[in-house]
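Read through the structure below, which is laid out as structure tokens, and then see the notes.
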Amino acid sequence: MSYNLRCDTPDDGDNAWPHRADEAAQVVVELAPDVFGVQEGFFGMLEDLNERLPGYTWLGQGRDGGGEGEFSAIFYRPDRLRVVSSGHFWLSSQPDTPGSIYPGASCPRMCTWAHFIGGRKEHAKEFYFFNTHLDHRSEEARVAGALMILERLDEARKKRILPAILTGDMNAWPESPAILALLSDSDSGPPLYDAADWLRDRGGQIG
């Protein structure tokens, strides 16, 4: 599941986060995902969700470093999934530098990832989960960010080829260059697929 929380903006009035926190958590309760990525969540918002979702915990770092700025955090159920490893990188020319910005992007953009394992020991399933928020202003920055995510995914798959899930607010139409880049062939594993297209091809409906 991917979930843009809409940042805590007092100017939203009746729709500001303090008035939405309970309903935002209820969406998760009703859908009950084992893991989901959020966008536009500040630290306090994530803690609000955490209090309302006792079956979940989360990992992440703010895009400005530490607990500062918006998070691309990953929530998961520790009774169902265990984190093997996790990390962050920024969608810039200095991917390991918190707060770094790609030229022309509106703000720092980043990706949080985790390697999960779940299920009974004899039937354990492992996968990579990446969560991001691409830039809303610059198409060049979106494409560069998409390519960097694929590069990091390729690096992970060179160590172990596992299924991968990418969630995020891509700020892009399905036919845009950034999305087409994400769906391109990968050097070290099967390509990513658009989940909506995958479902439609099998007779499902997108509500």
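The values are calculated or read from the model by the stated rules, or taken from the named source; none is laboratory data. It should be emphasised that the depicted structure is a prediction, and the values quoted were computed from it without experimental measurement. Every residue, glycine among them, receives a Cβ derived from its backbone with ideal geometry; neighbour counts consider all protein chains shown. Remember, those area values only see protein heavy atoms, side chains included, never the ligands or the DNA or RNA. Shrake-Rupley method; radii C 1.70, N 1.55, O 1.52, S 1.80 Å.
Some notes on this structure:
- Check on Arg202, without any contact (Cβ under 8 Å) to a residue 40 or more places away in the chain, more than 14 Å from the chain's Cα centre (by Cα) and farther than 27 Å from Gly41 by Cα: yes
- Extreme residue, farthest from Glu70 (Cα to Cα), among residues of the stretch 9-36 that are loosely packed, with under 13 Cβ neighbours inside 10 Å and of a type in the set (D, E, K, R): Glu30
- Meets criteria (assigned to a helix (DSSP H, G or I), open to solvent by less than 50 Å² (accessible area, probe 1.4 Å), over 17 Å from Gln39 (Cβ atoms) and in contact with a Phe, Trp or Tyr (Cβ under 7 Å, 6 or more places away or on another chain)) for Ala196: no
- So Val84, is it β-branched (Val, Ile, Thr) and surrounded by fewer than 16 Cβ atoms within 10 Å (Cβ to Cβ): yes
- Out of Arg63, Arg77, one residue alone is over 30 Å from Lys121 (Cα atoms), among the charged types (D, E, K, R), open to solvent by 30 Å² or more (accessible area, probe 1.4 Å) and at pLDDT 95 or above. It is Arg63.
- Members of the stretch 96-138 found to be among the acidic types (Asp, Glu) and either in contact (Cβ under 8 Å) with a residue 24 or more places away in the chain or at positive phi (or both), listed by number: Glu126, Asp135
- Applying the criterion of being touching a strand residue (DSSP E or B) at 6+ places or on another chain (Cβ under 9 Å) and open to solvent by 40 Å² or more (accessible area, probe 1.4 Å) to the residues of the stretch 125-140, the residue that is nearest to Glu40 (Cα to Cα) is His136.
- Scanning the stretch 37-54 for residues that are in a loop (DSSP other than H, G, I, E, B), in contact (Cβ under 8 Å) with a residue 24 or more places away in the chain and open to solvent by 40 Å² or more (accessible area, probe 1.4 Å) yields a single hit, Phe42.
- In the stretch 126-167, the residues that are in a helix (DSSP H, G or I) and not hydrophobic (A, V, I, L, M, F, W, C): Glu139, Glu140, Arg142, Gly145, Glu151, Arg152, Asp154, Glu155, Arg157, Lys158, Lys159
- Counted residues, the stretch 110-130 - those being touching a Lys or Arg at 6+ places or on another chain (Cβ under 8 Å) and either under 13 Å from Gln61 (Cβ atoms) or among the small types (Gly, Ala, Ser) (or both): 5
- Checklist (1) closer than 20 Å to Pro177 by Cα; (2) open to solvent by less than 60 Å² (accessible area, probe 1.4 Å) applied to Ser93, failing item: (2)
- Flag if Pro54 is of a type outside the set (Ser, Thr, Tyr), farther than 15 Å from Phe129 by Cα and modelled with pLDDT under 95: no
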